[in-house]
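The values are calculated or read from the model by the stated rules, or taken from the named source; none is laboratory data. Quantities reported herein were computed from a predicted structural model and do not represent experimental measurements. Note that each Cβ is placed from the backbone with ideal geometry, even for glycine, and that neighbours are counted across all protein chains shown.
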Amino acid sequence: MDYDAEKYDTGAADAQQPARQLIRLIQYYVREKYGDKSTYDSLTIVDLGCGPGNTAELLANHFIGAKIVGIDIDPEMIRFAQTKHPEHKFFVQNIEKPWSQWPENFRSTYENKVDIIFANYALHWIDDTDSFANTIRQLLRPTGMFTGNLLYCGWLQSVDDSDDHLDKTLLDESLAYPTEMEFVSKFFWSLRSCGNFHSINMEYQEPVSRFGRKFYTESFIEIPLKWYRKFLKRSMNDEEIGHLNETLKRLILKQRICKVIPATDTISSVEQIDLRQQLYIFKAIKN
């Protein structure tokens, strides 16, 4: 995704709490299926959208002995993960590609042999949800588990409370991004129709994460900006893109900030902000 792997490794604070929640779902599943164990040598866990490997390490710490396999589309992220976590396997791969186009050696090694698929803060980048659902079906063993969270970045038109509605007009004319209902229902139906799951559970939450304001507004906000720009209706020149970006930044902050924590000598030397997100958590069991 063209992000700095080292910064993402240390700065992705918003993804840590949701990742731990997914791990708790895996723990319940593993305990029910295999009983309490001190090691999990027989388990293979695939981390889809693994980024710099921080969640792969989190999985390894909770499931001692399990084989952890990380997949990400970004070669820089995978290089960083391979260097920092050489004990795990990492692959560069677009998870939207049809299963038949994945490397033959990968398919022969992992097809119908994966016990758990984990996807933290990755699913909102997927456009071809049918292809993705078919891929996880091909990977999982019978009765294997998929768990992941789907982030909806927000319907920003609703934030424009001005009299002239210029921001709403700009978004309507520039972007064709889906409503929350369209976005979530598309993903759910792909799991239902292409994933061969006999059980699909979905839960909605609004997790809150704390960032330094400067770090978020000058660096990390590029992640949701890139999501919105996926849905551009037309090509734009640099000036138009700049204006759209500034409008999106202002509306994202207006919608997401739920608390501002001033800089103090005792707590933090920088101003911090708490941001609320819209997150759907999925747990599905293959037939």
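So is Ile252 surrounded by 18 or more Cβ atoms within 10 Å (Cβ to Cβ), among the β-branched types (Val, Ile, Thr) and either at pLDDT 95 or above or under 30 Å from Arg141 (Cα atoms) (or both) or not?
yes
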Exercise. What residue, among those in the stretch 4-50 that are modelled with pLDDT of 85 or more, farther than 20 Å from Tyr110 by Cα and small (Gly, Ala, Ser), is farthest from the chain's Cα centre (by Cα)?
Worked result: Gly35
Exercise. Looking only at strands (runs of 3 or more DSSP E) that fall completely inside the stretch 34-111, which ones have 2 or more residues that are aromatic (Phe, Trp, Tyr)?
Worked result: 89-92
For this session: Could you name every one of the helices (runs of 4 or more DSSP H) located completely within the stretch 123-226 that has at least 2 residues being closer than 30 Å to Trp99 by Cβ and modelled with pLDDT of 95 or more?
Result: 129-139, 180-194
For this session: Look through Asn105, Asn120, Asn61 and report the one residue that is loosely packed, with under 15 Cβ neighbours inside 10 Å and closer than 25 Å to Lys37 by Cα.
Result: Asn61
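Here's the yes/no breakdown for (1) modelled with pLDDT of 95 or more; (2) closer than 21 Å to Leu140 by Cβ; (3) charged (D, E, K, R):
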site: Ala60; (1), (2), (3): yes, yes, no
site: Asp72; (1), (2), (3): yes, yes, yes
site: Pro75; (1), (2), (3): yes, no, no
site: Phe80; (1), (2), (3): yes, no, no
site: His88; (1), (2), (3): yes, yes, no
site: Arg107; (1), (2), (3): yes, yes, yes
site: Tyr110; (1), (2), (3): yes, yes, no
site: Val114; (1), (2), (3): yes, yes, no
For this session: Could you please find all residues in the stretch 275-287 being in a strand (DSSP E or B) and farther than 18 Å from Ala19 by Cα?
Result: Ile285, Lys286
Seminar exercise, completed: Quick count over the stretch 258-287, residues being more than 26 Å from Phe187 (Cα to Cα) and over 20 Å from the mean Cα position of the chain (by Cα), is 16
Problem set entry | the stretch 164-188, residues that are surrounded by 15 or more Cβ atoms within 10 Å (Cβ to Cβ) and over 18 Å from the mean Cα position of the chain (by Cα) | Asp167, Lys168, Leu170, Leu171, Ser174, Leu175
